[in-house]
1. Report, as an integer, the average count of C-beta atoms from other chains found within 10 Å of each Cβ along A:88-98.
2. Suppose R0 equals 35 Å. What FRET efficiency, 1/(1 + (r/R0)^6) with r the Cβ-Cβ distance, do A:E118 and A:E26 give to the nearest 0.05?
3. Of B:K310/B:K389; B:K282/B:K401; B:K5/B:K105, which pairs sit farther than 24 Å apart, going by alpha carbon to alpha carbon?
4. Taking the Cβ-Cβ separation of A:K174 and B:L403 as r and a Förster radius of 45 Å, what is the calculated FRET efficiency to the nearest 0.05?
5. When the helix-only estimate is applied to chain A (DSSP H runs of n ≥ 4, each -39,500 (n - 2.57), divided by the residue count), what is the mean residue ellipticity at 222 nm, nearest 500 deg cm²/dmol?
6. Whole angstrom only: what separates the Cα centroid of segment A:35-97 from the Cα centroid of segment A:132-210?
7. I want to verify a result. In a Gaussian network model of chain B, Cα cutoff 10 Å, which of these has the top mean-square fluctuation: B:L358, B:L68, B:L302?
8. Ordered by packing density, taken as the mean number of other Cβ atoms within 10 Å over each peptide's residues, highest first, how do B:277-288, B:74-85 rank?
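Taken together, the values in this text are just the output of simple stated rules run on the coordinates, not laboratory data. Model, not experiment: these values are computed from the prediction. Counting neighbours? That spans all protein chains shown, and the Cβs are built from the backbone with ideal geometry, glycine included.
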Amino acid sequence: MLLDIRDLTVEVEGREVLTEVDLQIEQGETHVLFGKNGSGKTSLLMTIMGFSGYRVKKGKIFFKGEDITNFPINERAKRGIGMSFQRPPTIKGVKTIDLIAIFNSDEKSVNEAAESLELTAFLDREINRGFSGGEIKKSELLQLMTQNPDLILLDEPESGVDLENIAIIGRAIKKLLQKNLRRLRVNAGLVITHTGLILNYVEADRGHLLLDGRMRCEGNPREMFATIQRSGYEVCARCQK
Amino acid sequence: MSEVKKRAEAAQIKKAAYGMDIDLSSFRKDAVPHAYDAKLNCLSGEEIKTMADVGIIPAGGLRSGSFLQMDHSAVNCSAFQEGVEVMSSAEALQKYDGLKDYWWKAVDVVTDKYTANAELAFNNGYFIRVREGIKAKFPVQACLYIGEEGLAQNVHNILIAEEGSELHVITGCTTAPKLKRGLHIGISEFYIKKGATVTFTMIHNWGEEVVVRPRTAVWVEEGATYNSNFVCMKPARSIQMFPSVRLKGENAVTRLNSIMIATSGSELDIGGRVVLEAPGTKAEILTRTISKGGSIIARGMLIGERPGVKAHLECSGLMLSDEGSIRAIPELDGRVAGVEMSHEAAVGKISQEEIEYLMARGLSEREATALIVRGFLRVEMVGLPDSLKKEIDRLVEESEKSLL
């Protein structure tokens with residue numbers, strides 16, 4: 001088991017945002033997280049990554065069999081968890097390449113990754129400064145591609161991205177998740193999506209529905225998304241597979 | 001007695017508008033003279049290292065001119081390019097009939113006790129001039145060095161960029177490594193004539209009990225550009241300066257960048273004032289300050305006197321410890337309708353969000369903090385040649401290491 005979350009209850013500023021959540025992800029699997037705004041999806045990703053402000057009240061997070069519930073963020077990153085942020089901060093005066101060079105010194109692979117995302121010109125720009133919605137998403141993916149984590153947490157990778165760029169982003173995620181490999185696939189993903197568009201590019205193995213901080217349904221992601229589109233989140237939650 | 005001297009005498013005890021008041025009598029007035037060193041081969045290894053830390057290359061390579069003053073003596077004045085003049089201001093006063101169009105013209109001798117004292121106890125300074133149409137190939141460097149404990153050094157500098165000329169100046173102000181206490185008063189009057197471009201980079205690196213009172217005024221004529229980059233990474237006991245740039249001619253442009261750090265026990269009151277006096281003039285003031293226990297006042301003032309002038313002021317402060325303080329005081333003074341002036345000021349500690357974002361890429365908290373501080377101090381120094389940019393980046397980086 002790559003990621004094993006058991007009975008996880010999380011508070012943000014005294015308010016419970018996740019309640020008794022269970023989630024298991026095996027190596028090579030891609031899971032999708034559905035849910036309304038404010039249902040706790042981003043909180044779950046932030047808690048897995050270890051951000052301050054997300055206080056684990058109960059439960060445990062295991063990664064590669066190790067209890068990481070109380071690990072600092074960078075220790076989780078070092079063990080192979082990576083995340084793309086929905087609204088990352090701007091880092092004044094630090095070029096994107098300056099950051100990437102810290103965790104990946106292979107110039108050739110960095111340049112290739114940047115080219116595949118049509119982001120070469122952005123390497124010399126300050127991190128996220130003046131980036132459009134689509135550029136932020138691509139820059140986040142570039143950092144992940146060069147960081148090469150085993151578990152990839154993607155928070156709405158397609159939101160605010162035009163159709164042309166969705167294809168580019170879709171290809172990049174496919175590569176990150178090693179979808180080109182039929183066997184021996186080891187990288188796993190947990191993806192939040194609202195639009196479901198990313199499902200057209202990335203074959204997902206399992207879907208989960210979060211409502212009011214609780215896991216309410218799990219199943220085939222395409223079927224779940226179809227139900228949600230047709231009848232809404234509440235109906236999907238009622239199926240209780 | 002000359003008229004100037006009489007006025008100076010009358011202003012001898014006049015307190016400055018800003019900064020702590022300094023008892024000038026507590027500093028020594030007389031220095032042991034240093035011999036002229038034509039080839040700059042009499043400097044000790046330690047002196048060479050101290051000067052290198054403020055961007056001064058003793059050998060004079062890759063420079064179009066060089067000036068070195070130790071205590072009160074002009075130890076070396078050299079110019080390596082036709083049309084570039086470098087000499088001590090004492091020599092220039094003699095050679096050019098008292099520099100009557102320039103001496104105490106941009107700065108008023110009765111501004112305060114420091115300007116008065118610089119006249120009454122004059123200890124040299126530099127005179128740099130680049131002739132009409134000449135583009136200096138390399139930067140001209142000027143170093144003002146205090147080596148004697150407790151000494152007052154009162155310099156008066158003149159810089160003239162004649163019409164259409166181009167010049168980079170790098171000034172390093174520093175003290176001997178063992179020196180604790182000293183006083184540096186520096187009068188600087190710069191004249192940037194029609195169509196000329198001057199980039200002035202000043203690096204301060206003082207002993208911890210040194211008091212510094214620069215008084216700088218710059219006149220910028222039609223179509224001319226004055227860029228200033230000020231770096232103060234190793235703060236003194238007290239520095240107070242409020243250089244003033246007058247954009248006197250149409251379409252004159254200025255940009256003033258400052259980065260400074262105050263550690264415990266030091267007080268920095270540093271600003272910049274630009275008066276936009278002519279149509280089409282533009283100004284930008286950008287200040288980045290870090291307090292690690294010291295107190296900083298960062299002033300900025302833009303005065304718009306003609307419709308359509310454009311100016312912006314940005315002042316950001318980063319608090320790296322719970323002690324110390326940063327006060328940002330941006331002022332905009334529009335005197336006619338139609339001026340376009342704006343400012344942004346921010347003071348705070350490093351955002352947790354930024355640190356954690358970088359930690360999610362595997363950086364430790366310490367590494368993340370260092371990267372953010374480095375980025376914060378990475379001000380785009382306009383107008384600098386690449387080699388000088390690299391030198392300054394290196395100096396800033398070294399200071400960062402000692403800061404964190």
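1. Values: counts 4, 9, 4, 10, 10, 11, 8, 2, 0, 0, 4.
Going residue by residue through A:88-98 and averaging, the value is 6.
2. The formula returns an efficiency of 0.60 here.
3. Check vs 24 Å cut-off fails for B:K310/B:K389; B:K282/B:K401.
4. Values: r = 44 Å, r/R0 = 0.97.
Between A:K174 and B:L403 the formula returns 0.55.
5. Numbers: 8 runs with 80 residues, N = 241.
The per-residue figure over chain A is -9500 deg cm²/dmol.
6. The two parts, judged by their Cα centres, are 17 Å apart.
7. Answer for the Gaussian network model of chain B: B:L358.
8. Numbers: B:277-288: 21.1, B:74-85: 19.0.
With the highest mean Cβ count within 10 Å placed first, the list reads B:277-288, B:74-85.
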